[in-house]
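Report on the following structure.
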Amino acid sequence: MEKEDKKQEIEVETIDADDVHELIKQNKLIIEENRVILKKMHRFAMISFWIHILWFIIIIGLPVYVYFYFLQPIFTTFEALYESFMGGLGGLGGF
């Protein structure tokens with residue numbers, strides 16, 4: 001008897017074709033909105049990736065560039081001056 005009462009309490013909602021078509025239209029709109037959002041997220045991720053790559057190239061490459069094109073000529077000049085200075089001191093005899 002109790003099972004029959006539970007079956008009667010459960011009401012089955014009938015869905016007609018118009019409701020189904022309306023739900024399909026809503027689903028299509030949500031899918032399109034989702035696609036647009038995902039496309040924007042993908043574009044942002046790709047731009048962010050390449051900016052990070054460029055940033056690391058600058059962080060690693062800039063010190064190497066500064067050393068080879070600015071500091072190395074200065075160091076070689078100081079090295080030549082130091083060697084000539086030490087050669088001059090060696091000519092004095094006491095050193």
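Every number here is computed from the coordinates shown, using simple stated rules; none is lab data. Just so we're clear, the structure is a prediction, and the values are computed from it rather than from any experiment. Reconstructed Cβ throughout: ideal geometry from the backbone, glycine too, with neighbour counts over all protein chains shown.
Listed values, structure above:
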item	result
Modelled FRET efficiency - R0 41 Å, Phe49 with Lys25, Cβ distances, 0.05 increments	0.65
Backbone HN-Hα couplings from phi across region 80-87 [Karplus 6.51/-1.76/1.60, Hz, Gly and Pro as x]	5, 5, 5, 5, 5, 5, 5, x
Debye intensity ratio I(q)/I(0), log10, region 17-90, q values 0.15 Å⁻¹ (C-alpha model)	-0.76
Length added when fully stretched, Leu38-Asp18, from 0.36 nm per residue minus Cα-Cα	4.2 nm
